[in-house]
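Written out below as structure tokens is the structure these notes cover.
The values are calculated or read from the model by the stated rules, or taken from the named source; none is laboratory data. Given the structure is predicted, the values throughout are model-derived calculations rather than measurements. Here the Cβ positions follow ideal geometry from the backbone for every residue, glycine too, while neighbour counts run over all protein chains shown.
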Amino acid sequence: MSHPARAAYDSIVVGGGHNGLVCASYLARGGRRVLVLEAADRVGGAAITREFAAGFKVSAGAHLLHLMPPALIRDLGLEAQGLRLAAQRLPTLALAEDCRHLALAPGDRSRLAQASAADAAALEDWQALLARFARALHPLLSQTPPRLGSEAWRDRAALLGLGWRIRRLGRKDMRELLRVGGMCVHDLLEDRFSLPLLKGALALDAVLGTNLGPRSPGTVASLLYRAAAAQGVEALALPQGGLGAVSEALAGAARAAGAQIRTNAAVERILVREDRVSGVVLATGEQIAAGTVVSSADPKSTFLKLLGAEHLDAGFVRRVAQVRSRGLTAKLHLALDRLPQFPGLTEQDLRARLLVAPSADYIERAYNHAKYDEFSQHPMLEVTIPTLVDATLAPAGRHVMSVIVQYAPYTLKGGWDTQRQTFTDRIIDTLGAYAPQLRGSIRASELLTPPDIEREFRMSGGHWHHAELALDQFLMVRPVPGAAQYQTPLPGLYLCGAGCHPGGGVMGLAGRNAARQLIREAA
Amino acid sequence: MLTESEPHYRQPLLKTPFHERQRALSQLDSFVPWAGYTTVDVFTSVEQEYFAIRNASSLYDLTPMVKYRICGADALRFLNRLVTRDIRKVGPGKVAYTVWCDDAGHLIDDGTVFCIAPNEYRICTAERQLDWFRASAIGFDVQIREVTEELAALAVQGPTSARLLKAVGLAGVERLKPFEHGAFRMPRRAGGEILMMVSRTGFTGDLGYELWMAPQDAESVWDALMQEGRTRAVRPIGSKALNMARIEAGFVLPNLDFVSAAHTLYLGTERSPLELGLAWLVDFKKGHFTGRRALLAEQARGPRRQLVGLDVEGTKPAHNALLYTERSGKKEAGSVTSATWSPTCKRNLALAMLEAPYIGTGSSVWAEIYLNRELVWERRMVRAKVVERPFFAPARRRATPPADF
């Protein structure tokens, strides 16, 4: 290899998670020489598939693909890169201890109608309304958030566009959007529904992955956000080979566009020369020069660890330090000798997203513990059994259960080391209420607590969204004013991770928006 | 001293270690609050006190000045990112006057940084800064402790101040250059010594020193200076006389010449160091500091307004006067922030914030002065000319060693 005096790369992307890879693709397509540096031994960040017990593999972080816009998947040609979906339009099943489980969208709603015709109708209404809201809000996710108080035409146009789309909802819908936008999801559900099981299932969507309970302010906003990302049609999918396959396809797309990707290349510092980014230095001491650095790491890691407070103003640093990023979500992986029996459900039924959230109050009580640094005694769970549709993940006849668990505090009273097994048992007992023989079929288990998630996926606080998804960290204040338009106060440094608008989940829009912003600025 | 039992907001104003001595000499019993302490604004008469500053020596109690101890492995890096000057140039035994800004380049406060030892500093500020300092400390290995109550401070200012200090036994004080400090021992009358720090600093623009000592030594030091000063026309002074001297010296005061960006409520009332004419304090070459990018942009854009010195026609101080471009008073050009008749310069002086077109030396504006003549108000329009600051800068201010009166 030659060592040209000129920087070999125009842009370095720090972190090969899905946002970093999407960003690299679009930067490379924009004619830039791009290098992606990933600290782990494989790309993907928290969207990876890895072995957790001999012969058993699982999506170690996110376990469903549902937020990445189909247009983005098409545009990047992920199918051509080998992405296959093992299951699409997965139904959601709200589990009930009395086996009167409720099937929710999409699919057969006859059970819901039997349980409450009024709720079935109300659910139709609500989902139709949510879809209309989602269509109005979705374009916002694909834009650089407008600056308030700015006189630039682009900022004004974005604000006007948003206003116009909301106004176009019509008087009735617009009023409803403004009424519920800042509410807590508990109040919204009380207004519209009566079945506790239904309310629990809907509340789960509003709080999953967050540090919020159903009575926390802004939980309707997080529900709207989830709906807007999915454009109103919640299409849950299980990629063949787990979420890692999505990342592999994204990496393939980035390489095809001309980007280079290096794994086992942990960035130690972002280098600064004369108040401009000049490159990065790796943990090995290797220096790589580049005129721009785009970080998909979380804002706290990017600014406080990789860059350092001395290159930033104190007020900005304080805002970054105050970003709320305490994760409350854990992940449990179970290697199963046989498929567990869920009374009232067939094997076909289990090809679904299973929810343990019997009521909104159940979730709120589970959340109460976490407020005081305890784990939930009766946790809220989102369960998938990917091996029902994807045989590549486990030996023949065996199964993998992937469980997202709330709430597990980042700082647990007494520490996680001694209570890891206790919490694992709590989760298995909770599941046992719906699948009594589950415990006997478990061959191995793995629990990822927020500190584990912080360590493995390098996310400050172990928060899945890098920064809490709440009204005060949304849009033009995400992650903080002064870095909400993908640029940062330091010339040449950009953000492209989940800590930026429009946030986390395996969506990829933050990466694309950042790349577009960078290219636009350079033009 | 704060007691443990009462929270500070339940307590009356604190008394400085010099309080009892000052109360005994305070003929007018005129005390004003300053940073949580009660302090004297006039002892006897402003003019007498003023002339002690300019013609003899004055004692001014500056204990309420807020003081922080900054130390730790990153103390220097922390300070250099906090303030606008390059603190790398301020070695042990040196002092620097500086300002600090928020992210927008707006002034938060000014103060003096004393380098005690490598990575050990004391910073004296007008207002409490713990919140901002702590925000600025994120990412730095530095300890910040307020030491206001642990130190008594006394300013000894005036042409005979070096002689006075030598007379009380502070040998070698005459060797201190401006903005230097050192440890000195003063013989205690009852035997033994009082250890103190003396710095050649001050707020009068004259020859002068500041003495920093333990609170329990405060009265002994005061007594020695007053005793020795009986034949030297030494006077304790209040803040009113000091204010006249500091305007002559062209120094700015928070809440008079600018409002800290930490306190402004209205947009646009914040001020940058460039606007205050303190560009000489801003070192763009030293590396990053808070507000640097904003100040660079402001510098590139050019000034919108600037604090200037005015020589005002007549003898009536132009307190709070609005300034106009024409005598007709139709178009405003700015306003006066501080004003005084200067007995030494024999000029009517003011500091004023002027809009950009009028800030050049020699340009002239009109001041609208309101006079209260036995409750009959008169309005006068007088000419005010932009002149160089400082208005008064005697050579003795910098002479080392100073003249030995």
Identity of the residue in the range A:216-240, closer than 27 Å to residue A:49 by Cα and part of a loop (DSSP other than H, G, I, E, B), that ends up modelled with the lowest pLDDT: A:233
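The rows are residues; the columns are (1) assigned to a helix (DSSP H, G or I); (2) more than 23 Å from residue A:515 (Cβ to Cβ); (3) more than 9 Å from chain B (Cβ to nearest Cβ).
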residue: A:278; (1), (2), (3): no, no, yes
residue: A:281; (1), (2), (3): no, yes, yes
residue: A:284; (1), (2), (3): no, yes, yes
residue: A:288; (1), (2), (3): no, no, yes
residue: A:294; (1), (2), (3): no, no, yes
residue: A:302; (1), (2), (3): yes, no, yes
Single unsatisfied condition, residue A:318 versus (1) crowded, with 24+ Cβ neighbours inside 10 Å; (2) within 14 Å of another protein chain (Cβ to nearest Cβ): (1)
Residue in the range A:25-37 that is assigned to a loop (DSSP other than H, G, I, E, B) and either more than 30 Å from residue A:266 (Cβ to Cβ) or acidic (Asp, Glu) (or both) present: no
Identity of the residue in the range B:111-156, crowded, with 19+ Cβ neighbours inside 10 Å, within 14 Å of chain A (Cβ to nearest Cβ) and not aromatic (Phe, Trp, Tyr), that ends up farthest from residue B:51 (Cα to Cα): B:139
Candidate set from the range A:51-71 (those that are small (Gly, Ala, Ser) and part of a strand (DSSP E or B)); member that is nearest to the chain's Cα centre (by Cα): A:59
Qualifying residue in the range B:287-300 (condition: farther than 30 Å from residue B:86 by Cα, in contact with a Pro (Cβ under 7 Å, 6 or more places away or on another chain) and not aromatic (Phe, Trp, Tyr)): no
Selected residue (only one of A:487, A:517, A:473 is within 14 Å of chain B (Cβ to nearest Cβ) and touching a residue at least 12 places away in the same chain (Cβ under 8 Å)): A:487
Some residue of the range A:186-196 being of a type in the set (Lys, Arg), assigned to a helix (DSSP H, G or I), touching a residue at least 40 places away in the same chain (Cβ under 8 Å) and crowded, with 16+ Cβ neighbours inside 10 Å: yes
Residue selected from the range A:369-395 under the condition of a type in the set (S, T, N, Q) and farther than 17 Å from residue A:50 by Cα, by the criterion surrounded by the fewest Cβ atoms within 10 Å (Cβ to Cβ): A:377
Any hit, the range B:75-91, residues being within 14 Å of chain A (Cβ to nearest Cβ) and assigned to a strand (DSSP E or B): yes
Condition check for residue B:275: away from every other protein chain (no Cβ under 14 Å), at pLDDT 95 or above, under 30 Å from residue B:199 (Cβ atoms) and buried (at least 22 other Cβ atoms within 10 Å of the Cβ): yes
The range B:278-297: number of residues that are away from chain A (no Cβ under 14 Å) and in contact (Cβ under 8 Å) with a residue 40 or more places away in the chain: 3
Residue list for the range A:407-460, filter: of a type in the set (Asp, Glu) and in contact with a helix residue (DSSP H, G or I) (Cβ under 6 Å, 6 or more places away or on another chain): A:454
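One line per residue, one yes/no per condition, for (1) surrounded by fewer than 14 Cβ atoms within 10 Å (Cβ to Cβ); (2) in contact (Cβ under 8 Å) with a residue 12 or more places away in the chain:
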site: A:65; (1), (2): no, yes
site: A:85; (1), (2): no, yes
site: A:99; (1), (2): yes, yes
site: A:110; (1), (2): yes, no
Considering residues of the range A:72-103 that are among the hydrophobic types (A, V, I, L, M, F, W, C) and assigned to a loop (DSSP other than H, G, I, E, B) only, the residue farthest from residue A:251 (Cα to Cα): A:99
